[in-house]
Amino acid sequence: LPHRRPVSSGACAESAPDRMAQRKRYLFVCVNRRPDGTPKGSCAARGSVELHAKLKAMLKARGMAEHEVRACTSSCLDTCWAGPSIAVEPDGFFYGRVGEADLEEIVEGLRTGERVERLVLRPDDFVMPKELRDLEKAEK
């Protein structure tokens, strides 16, 4: 159809200045909730819903939400045992074991373009610990 343009050309963003700006970074905060007592737990049970709300408010208060960073919710990021987890895109890394006390440092790092290294998940954090695998097998 003649009125359609390919999305990859960027034409939509250029021709529609009233649309939401694409942010430089997107934070995907896992808010998945598993049943109580699940061995690996869940990010929501560890407070991620509240973390997302506070993170979103902090970004807005600092004027970063409109053009710089968007805090979104996500379903499971498969790092339940290391949650609450936040995927940072397009940078391609995850923060894990995030608590409310970490949010200020995360937001400042987003402002300066620096990662909070102590919170960055390492490759072995993406593998479910053996103890949890054994517990899950025992429950089946």
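The values are calculated or read from the model by the stated rules, or taken from the named source; none is laboratory data. Everything numeric in this text was worked out from a predicted model, so none of it was measured. All Cβ positions, even for glycine, are placed from backbone atoms using ideal geometry, and neighbour counts span all protein chains on display. Accessible surface areas use protein heavy atoms only, side chains included; no ligands, DNA or RNA. Shrake-Rupley method; radii C 1.70, N 1.55, O 1.52, S 1.80 Å.
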Charge-dipole axis of segment 22-140 as Lys and Arg at +1 and Asp and Glu at -1 on Cβ define it, positive-most pick from Leu103, Leu119, Thr73: Thr73
Amide H contacts under 5 Å for Thr73, placed H, 5+ residues apart: Val29
Considering the Cα trace of segment 100-140, what is its radius of gyration and what is Dmax, both in angstroms? 16.0, 47
Using only the alpha carbons of segment 64-109, determine the length spanned along each of the three principal axes and report them from longest to shortest in whole angstroms. 31, 22, 17
How are the C-alpha pair distances of segment 61-140 spread across 5 Å bins, as whole percents from the shortest bin up? 3, 12, 23, 22, 17, 9, 6, 4, 3, 1
What are the ³J(HN,Hα) values, in whole Hz, obtained from phi via the Karplus relation 6.51 cos²θ - 1.76 cosθ + 1.60 with θ = phi - 60°, for each residue of segment 133-138 in sequence order, with x given for Gly and Pro? 4, 5, 5, 5, 5, 5
Residues with amide H under 5 Å from that of Arg97, placed H, sequence gap 5 or more: Gly83
Segment Ser75-Leu132, extension gain: residue separation times 0.36 nm, minus the distance between their alpha carbons: 18.5 nm
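If you average 1/r across every pair of different Cα atoms in segment 18-104 and take the reciprocal, what Kirkwood value do you get, in Å? Present the calculation step by step, with values, prior to reporting the outcome.
Values: mean 1/r = 0.0758 Å⁻¹.
Here the Kirkwood hydrodynamic radius works out to 13.2 Å.
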Hey, what do the phi angles of segment 118-124 turn into as Karplus ³J(HN,Hα) couplings, whole Hz, using 6.51/-1.76/1.60 and θ = phi - 60°, x for Gly and Pro? 5, 9, 5, 6, 8, x, 6
How big is the accessible area of His67 in square angstrom, nearest 10, if you roll a 1.4 angstrom probe over the protein chains? 100 Å²
Euclidean distance of C-alpha centroids, segment 61-140 and segment 21-47, integer Å: 8 Å
